[in-house]
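Shown next, in structure tokens, is the structure this report addresses.
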Amino acid sequence: MTTIYEKTAAALITLDVPFAMNTYLGELPDVYLVYQLISAPAQQHADDEESLRSFRVQVSIYSNSGLIDLPDVDGAMLAAGFQKGPMRELPYDRDTGHFGLALDFVTLMTSEEMSQPKEGAYS
């Protein structure tokens with residue numbers, strides 16, 4: 001089964017930047033990514049079964065050196081079939097020294113895509 005988590009992780013792994021789902025555990029690197037599912041409403045039903053679902057995923061970039069020269073998250077996510085959504089700056093974390101930028105991306109997945117086995121999926 002291809003999940004939104006597998007699809008997102010497959011895009012982010014191409015950046016060669018440490019990343020995690022929801023919370024980065026352990027010692028924080030200078031630059032890292034965290035992603036999470038924001039919403040996933042069903043978009044279409046046929047014959048009393050869901051046939052299409054939209055997903056909004058937030059990818060947050062954290063950096064000790066500010067918000068310049070960041071990894072190309074947009075490029076990785078667009079190449080994986082996502083579309084760009086809103087972005088916003090996150091509050092500076094005084095404890096860790098990280099600046100943050102949250103980027104939202106949206107994608108549609110059919111019920112067939114969500115039910116197909118995916119070999120070698122990143123988890």
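None of the figures in this text is laboratory data; all of them are computed from the coordinates on show. Small disclaimer: the values here were computed from a predicted structure and weren't measured. Cβ sites come from the backbone with ideal geometry, for glycine too, and all protein chains shown count toward neighbours.
Give me ARG56, ARG88 sorted ascending by neighbouring Cβ count inside 10 Å, so fewest comes first.
Least to most surrounded, the residues fall as ARG88, ARG56.
Expected output is a single nm value to one decimal: the length gained when fully extending between THR14 and GLU112, i.e. 0.36 nm times separation in residues minus the C-alpha distance. What is it?
32.8 nm
Out of ALA40, ALA11, ALA79, any idea which swings most in a Gaussian network model of the chain, alpha carbons joined below 10 Å?
ALA79
What is the mean projected area of the alpha carbon convex hull for the range 1-71, to one decimal in square nanometres?
6.1 nm²
Give the label of the value calculated from the structure for semi-axes √(5λ) of the Cα gyration tensor in Å, choosing from (i) 29, 15, 12; (ii) 31, 20, 12; (iii) 19, 16, 14.
Comparing each candidate, only (i) matches the computed number.
Quick one: what are the phi-derived ³J(HN,Hα) couplings along the range 89-97, Karplus 6.51/-1.76/1.60 with θ = phi - 60°, whole Hz, x for glycine and proline?
With the stated coefficients, the range 89-97 comes to 7, 9, x, 4, 9, 5, 6, 9, x Hz.
Could you give the length gained by full extension between GLU27 and LYS84, i.e. 0.36 nm per residue of separation minus their alpha carbon distance, to one decimal place?
This chain segment gains 17.5 nm when fully extended.
Placing +1 on the Cβ of each Lys and Arg and -1 on the Cβ of each Asp and Glu in the chain, which of GLY81, LEU33, GLY97 has its Cα farthest towards the positive end of the resulting dipole?
Of the listed residues, the answer is GLY97.
Taking only Cα atoms and a 10 Å spring cutoff, compute GNM fluctuations for the chain and point out the largest among PHE82, PHE99, PHE19.
Taking springs between Cα atoms under 10 Å, the residue moving most is PHE99.
Could you put HIS98, HIS45 in order, starting from the residue whose Cβ has the fewest other Cβ atoms within 10 Å?
HIS45, HIS98
Let me have the relative contact order for the range 1-118, percent, based on Cα pairs under 8 Å that are six or more residues apart.
29 percent
Can you pull out the GluC sites (Glu not before Pro) in the range 28-123 that DSSP calls coil and that have at most 16 other Cβ atoms within 10 Å?
Within the range 28-123, the qualifying GluC sites (Glu not before Pro) (loop, at most 16 other Cβ atoms within 10 Å) are GLU119.
Arranged by the count of other C-beta atoms within 10 angstrom, fewest first, what order do SER63, SER39 take?
SER39, SER63
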